[in-house]
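Asker: The structure follows.
The values are calculated or read from the model by the stated rules, or taken from the named source; none is laboratory data. As the structure is a prediction and not an experimental result, all values here were calculated from the model. We place every Cβ from the backbone using ideal geometry, glycine too, and count neighbours over all the protein chains shown.
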Amino acid sequence: MAYAGGHALKTPFGTFYGPNLTPHADAGLGRWSETDFIRAMRQGRRPDGAHYFPSFPYTSFTLATDADLRDLWAYLRSLPPAARANQPHELGFLYRWRFLLWPWKWLFFSQGPFTPDAKASPVLNRGAYLTQALGHCGECHTPRNIFGAVRKDRAFAGSTELKAPNLTPTRLKKYGDGEIRDLLTTGMTADGDVFNDAMSAVVTNTTSKLTPEDLNAMIAYLRSLPAQPEVPRK
């Protein structure tokens, strides 16, 4: 069932499993309040105050506006409850302790919300917001350091570990806007090639649902980024 959790995310630190996001009282978010949800998305904290592992990309979701977070919460509350129990993460011994996340956050986490760039156009600011916050594209398309934090100096330069390509003009200059729109709405290139399973799911569930205006704003923003060299292949 959709949003019932269980998706495995394999990382160098172990395997994380997505939680049940349905409003089931015991297995899901049924006992949460809207405030609990906004705290989780904005601060990366559970209702009991414990830190979330950054496999939950609150590092990007923190940028979402309060209005959008309230809308997301209302949508999740509308889902059919699913009784699927959450699956414990399978992590290395040194990575299981949530209290160790406070220095990680101090070093690598900046709380939102998104601040528009006064020098940028409304279109570029909209594209930046969608790409950085709700789309959280940089979580996969940016390489990470040894602590698992995204390297801001290499934003959107691609990731060899996740086989996520460079999204800066270094790569995008090879494609016209129409080609990129087709990729993000159909998941297929002009010559019939298709995305891998992970990006195919992103297209099916996310980018194909964008309005033409928002899709164009994201493309415009990515084209405005500093060109980053391709990540060396391992």
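Asker: When only residues in region 10-49 that are surrounded by 14 or more Cβ atoms within 10 Å (Cβ to Cβ) and aliphatic (A, V, I, L, M) count, which is farthest from residue 63 (Cα to Cα)?
Answerer: Ranking the candidates gives 27 first.
Asker: Condition first: within 20 Å of residue 64 (Cα to Cα), touching a His at 6+ places or on another chain (Cβ under 9 Å) and either aromatic (Phe, Trp, Tyr) or at pLDDT below 95 (or both). Can you find one or more residues in region 96-105 that meet it? Step through it out loud before you land on a result.
Answerer: Taking region 96-105 as the starting set, the residues that turn out to be within 20 Å of residue 64 (Cα to Cα) are 105.
Remaining after also requiring touching a His at 6+ places or on another chain (Cβ under 9 Å): 105.
With either aromatic (Phe, Trp, Tyr) or at pLDDT below 95 (or both) added as a condition, the list becomes none.
No, region 96-105 contains no residue that is within 20 Å of residue 64 (Cα to Cα), touching a His at 6+ places or on another chain (Cβ under 9 Å) and either aromatic (Phe, Trp, Tyr) or at pLDDT below 95 (or both).
Asker: Can you find even one residue in region 195-209 that is surrounded by 18 or more Cβ atoms within 10 Å (Cβ to Cβ), within 18 Å of residue 131 (Cα to Cα) and touching a Lys or Arg at 6+ places or on another chain (Cβ under 7 Å)?
Answerer: No, because not a single residue in region 195-209 is surrounded by 18 or more Cβ atoms within 10 Å (Cβ to Cβ), within 18 Å of residue 131 (Cα to Cα) and touching a Lys or Arg at 6+ places or on another chain (Cβ under 7 Å).
Asker: What residue, of 156, 147, is touching a His at 6+ places or on another chain (Cβ under 6 Å) and within 28 Å of residue 38 (Cβ to Cβ)?
Answerer: Details: 147 fails: touching a His at 6+ places or on another chain (Cβ under 6 Å).
Within the list 156, 147, the selection yields 156.
Asker: Output the residues belonging to region 13-37 that are under 11 Å from residue 87 (Cα atoms) and outside any loop (DSSP other than H, G, I, E, B). Working first, answer last.
Answerer: Going through region 13-37, the residues under 11 Å from residue 87 (Cα atoms) turn out to be 15-20, 27.
15, 16, 17, listed by residue number.
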